[in-house]
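Below you'll find the structure, written out as structure tokens, and then a few comments.
The values are calculated or read from the model by the stated rules, or taken from the named source; none is laboratory data. Since the structure is predicted, the reported quantities are computational estimates derived from the model, not experimental observations. Heads up, the Cβs are rebuilt from the backbone with ideal geometry, glycines too, and the neighbour counts pull from every protein chain shown. Ligands, DNA and RNA are excluded from the accessible area calculation, which covers all protein heavy atoms including side chains. Shrake-Rupley method; radii C 1.70, N 1.55, O 1.52, S 1.80 Å.
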Amino acid sequence: MTLNVGHIAYLNCVPFFHYLREVGFDGNIVQGVPSQLNAMLAEGKLDLSPSSSFEYGLHWQKYVLLPDLSISSKGPVQSVLLFSPCSLEEFEGCQVALTGESATSVNLLKILLKEFVGLREVDFQVPQKPVEECIQQRQPALLIGDRALKMSKRCPPGCRIYDLGELWYQYTGKPFVFALWIVRREAVENKRRELNLLKEKLKRSLEKSLKDKKPLAMAVSDNLSLTVSEITEYWTIMDYRLEKDHIEGLELYFDLCHLHGLLPDKPQIDFFC
Ligand SMILES: C=C(O[C@@H]1C=C(C(=O)O)C=C[C@H]1O)C(=O)O
């Protein structure tokens, strides 16, 4: 049976997929931003996808996780950025523009401002216009992925940049898990053999990509305003593992989401095995 696999259309996901066909994967690959992939997973249009950790937390009864893999950072992540003309303490009563592409990072921002900065009233909205315009008009705004990477290069004068991976690490001392490999339980029942094969191929593709990042960076650098060395550095700080301390960071994030009414319950973390 054919597997339907989601692919986040950002630079951070390239190392998973670059060699996947070459190592023999022959299923369908569907590209989208995280919010689109979250919806397709929930609706059953995808069997599995790297996608928002928050989506796992929201619908955990439907899912299991591929072990050992994530998109995380222990400190700065470079591509989950809050752009602002003022400091975080000055956000009380402000309107913050949010990207419509995220689920994890928008809720991470809410937690950071409420739990750690101690703010009470902040108005969050996904604007009609591009978030980049809000930033040019000096409104605080959150971007993720390649659009955050690009914006960090052409910020208006006086604009501060807060890296949410770095803030989380400063406040908690834990890695932050932005994305997980989320698998529908139905796929585990119907496509177990295919999932097992993909799991091995993904690890091989990722290992090969991270061993020599330059050819991948050269293949994708034309589409972005980043140099080959900036891209390889980005993949070096990105943490693709899912180990004990990542899971502790993830559980703390879920607990805080629950505490602040962003998740209805505390998710159970179950793996595909
Ligand atoms: C580090 C990142 O992690 C991402 C953030 C996500 C989210 O906020 O929901 C989802 C997938 C990841 O791509 C990024 O996009 O830059």
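Here is how the numbers come out for the structure above:
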quantity	calculated
Antiparallel content of DSSP bridges confined to the chain, in %, to 5	65 percent
HN-Hα J in Hz across region 243-260 - Karplus 6.51, -1.76, 1.60, θ = phi - 60°, x for Gly and Pro	10, 4, 6, 5, 5, 4, x, 5, 5, 5, 4, 4, 4, 5, 4, 5, 4, 8
Per residue accessible area in Å² of region 80-172, where ligands, DNA and RNA are left out and the probe is 1.4 Å	44 Å²
Above-threshold pairs, the threshold being 21 Å between Cα atoms, out of LYS62/LYS266; LYS150/LYS208; LYS174/LYS244; LYS45/LYS150	LYS150/LYS208; LYS45/LYS150
Gyration tensor (alpha-carbon) shape descriptor, region 80-172, a/c threshold 1.5	rounded
Region 123-273: C-alpha gyration tensor shape, a/c 1.5 cut-off, then a/b vs b/c	oblate
Prolate/oblate/rounded call for region 19-141, Cα gyration tensor, a/c under 1.5 rounded	prolate
Under Karplus coefficients 6.51, -1.76 and 1.60, residue-wise ³J(HN,Hα) of region 106-120 in Hz, glycine/proline x	5, 6, 4, 4, 4, 5, 4, 5, 7, 6, 9, 7, x, 7, 10
Calculated SAXS-style log₁₀ I(q)/I(0) at q = 0.07, 0.13 Å⁻¹ - the chain, Debye, Cα scatterers	-0.24, -0.85
Relative contact order computed over region 31-155 (Cα-Cα under 8 Å; 6+ residues apart), in percent	31 percent
Förster radius 25 Å - calculated FRET efficiency between ARG160 and ARG241, Cβ distance, rounded to 0.05	0.25
Rounded percent of accessible protein surface that carbon and sulfur make up, the chain, 1.4 Å probe	48 percent
